[in-house]
Amino acid sequence: MRILHLEDDLKDAELIREILLLEGMACDIVRVDTQTAFVDALEGGDFQLIFCDYSLPAFDGISALKIAMEKSPDTPFIFISGKMGEDRAIETLKHGATDYILKDNLTRLVPAVNRALRELSEKMERRQADEQLKESEKKLRRLSSELLAAQEKERRRIAGELHDTVASSLSAIRFSIEKILGQKDQNEQTRGELRDLISKVQLANEETRRIMADLRPAVDDLGIVPAINWFCREYEKTYSHMHVEKQIDIAEDDLSDSLKTAIFRISQEALNNIAKHSGASLVNLRLQKGKSRIELTVRDNGQGFNLDTSRRGLGLSTMRERTELSGGSFDLESAIGEGTFVRASWPLA
Ligand SMILES: Nc1ncnc2c1ncn2[C@@H]1O[C@H](COP(=O)(O)OP(=O)(O)OP(=O)(O)O)[C@@H](O)[C@H]1O
Ligand SMILES: [Mg+2]
């Protein structure tokens, strides 16, 4: 164990070395008695402990403590001093000293050293655990973001597959039926059945396109503003008892592609939750570029819910996740009978 000892009295330093030796503490003690030597030693050496006399001819203990706190904040710092009133002793602890020992009561030295070393090792363990926690949180965030990206990619892939297989087969079937219908040799009944088939194929085609549009964020083709307008239009068609009020005040260039996707998906989930859970008649959606932030808010006049006790689904946590992973912050306000308010905002780049 390496100890740095700031002490002008050779005899005292020797006594302390002997006490430690007697207790079986093998240590390498570097004694210094000036500020320059103290600073040099701190900068150069790897010490596990610092002992310090309170008053020295050309230097003082509190200044030494301040220097040590700055240069080597984790190293336990123990005052070993001849004269030190209680006020002073408390003062040293306030400044960050680990302990203080009076020279006429050196029996406390070894227990104090042991305690300081134990506390240090506990502190290091805690720090390491904290770092590991931070590291795994970072990993988790990266995984979440990869997961969301993979999910978007997979959705696009399925939409593409649907387009190239089901949708194109349905078009081909429709074309063939129309061709048969164009021939003159069917009776009225067959014609009627064929027309019926055409409208069924047409329905299947529309359903497929709706699913494709759901899978593939419309922002890809349209841009964010038309995509939200389109989604709200379709939404009002499906949930005809609801009206969506929009205030969109943003330009396409204000947003990166990934932020557009995030905003679109968050709006989608907020509106879907309103349809599923709120019983609202009015929704207000705002997307605005302010002075320092881009802000998306969705408010409904529905029944609201209790944030502490409600079921936890994937929707709310994914909205928060998407917002935070794209550098924004997410808030949710709701109360029974008061409607729900979702707010996601991002600092301007
Ligand atoms: N606008 C809203 N109005 C009333 N209750 C809501 C609203 N949004 C969310 N909730 C409540 O919060 C709960 C959690 O929402 P969340 O979107 O996380 O899950 P979910 O919609 O139930 O399921 P999913 O995982 O499919 O989204 C809902 O079950 C509902 O009780
Ligand atoms: Mg939901």
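Between E146 and T238, 0.36 nm times their residue separation minus their Cα-Cα distance comes to what?
Working: separation 92, 0.36 × 92 = 33.12 nm, distance 3.24 nm.
This chain segment gains 29.9 nm when fully extended.
For the range 168-198, applying the loop criterion from DSSP together with a ceiling of 11 other beta carbons within 10 Å to the trypsin sites (Lys or Arg not before Pro) yields K184. Apply the Debye scattering formula to the range 170-324, with a single equal point scatterer on each alpha-carbon and no solvent, then give log10 I(q)/I(0) at q = 0.09, 0.10, 0.16, 0.21 Å⁻¹. Log-scaled intensity ratios, in q order: -0.44, -0.52, -0.93, -1.36. In this view, the solvent-accessible surface of H243, computed with a 1.4 Å probe and all protein chains in place, comes to about 100 Å². Note on K289: lysines with a C-alpha under 20 Å away, same-chain residues under 8 apart excluded, are K246, K260. Tell me the GluC sites (Glu not before Pro) within the range 224-256 that lie in a loop according to DSSP and have at most 16 other beta-carbon atoms within 10 Å. Sparse-neighbourhood loop GluC sites (Glu not before Pro): none present. Per residue, the range 219-347 exposes 52 Å² of accessible surface when a 1.4 Å probe is rolled over the protein heavy atoms with every protein chain present. The aspartates and glutamates whose alpha-carbon is closer than 17 Å to the alpha-carbon of K291, local same-chain residues fewer than 8 away aside, are D249, E252, D253, D254. Spatial offset of the range 188-225 relative to the range 129-186 amounts to 16 Å, using the alpha carbon center of each. Thinking of the range 2-125 as a set of Cα atoms, what percent of all their pairs are more than 16 Å apart? In whole percent, the long-distance tail amounts to 57.
Extending 7 Å from Cα along the Cβ direction at L307 and again at I336 yields two label points whose distance is 1.7 nm.
For the chain, with all protein chains present and a 1.4 Å probe, just round the carbon and sulfur fraction of the accessible area to a whole percent. Please report the intermediate quantities before stating the final value.
On the way: 10440 of 20440 Å².
C and S atoms contribute 51 percent here.
Size descriptors for the range 146-215: radius of gyration and Dmax over Cα atoms are 16.8, 59 Å.
Show that you can apply the helix-only estimate: for the chain, add -39,500 (n - 2.57) for every DSSP H stretch of four or more residues, divide by all residues, and state [θ] at 222 nm to the nearest 500. Display every interim value, and only then the final one.
On the way: 11 runs with 188 residues, N = 349.
For the chain, the value works out to -18000 deg cm²/dmol.
Taking a straight Cα-Cα cut-off under 13 Å and skipping sequence neighbours fewer than 8 places away in the same chain, the aspartates and glutamates within cross-link reach of K94 are E86.
For the range 260-317, divide the Cα radius of gyration by the Kirkwood radius and give the resulting Rg/Rh value with two decimals. Using only Cα positions, Rg/Rh for the range 260-317 is 1.00.
Hand me the trypsin sites (Lys or Arg not before Pro) from the range 269-349 located in a DSSP loop with no more than 11 other Cβ atoms within 10 Å, in residue order please. Let's see the in-between values first.
Numbers: sites: K276, R286, K289, K291, R293, R299, R311, R312, R320, R322, R343; in loops: K291, R311, R312.
Filter output for the range 269-349: K291, R311, R312.
Calculate the length of the line joining the C-alpha centroid of the range 28-99 to that of the range 267-342, in whole Å. The range 28-99 and the range 267-342 have Cα centres spaced 56 Å from each other. Peptides 87-94, 32-39 ranked from most to least packed, by the mean per-residue count of other Cβ atoms within 10 Å: 32-39, 87-94. Normalised Debye scattering of the range 237-334 at q = 0.10, 0.19, 0.21 Å⁻¹ gives log10 I(q)/I(0) of -0.28, -1.00, -1.19, counting only Cα atoms as equal scatterers and leaving out solvent. For the chain, the extents of the C-alpha atoms along the principal axes are 124, 41, 38 Å, listed from largest to smallest.
The values are calculated or read from the model by the stated rules, or taken from the named source; none is laboratory data. The shown structure was predicted, so the numbers you read here are calculated from the model rather than taken from an experiment. Counting neighbours? That spans all protein chains shown, and the Cβs are built from the backbone with ideal geometry, glycine included. Note: accessible area is taken over every heavy atom of the protein model, side chains too, but ligands, DNA and RNA are not part of it. Shrake-Rupley method; radii C 1.70, N 1.55, O 1.52, S 1.80 Å.
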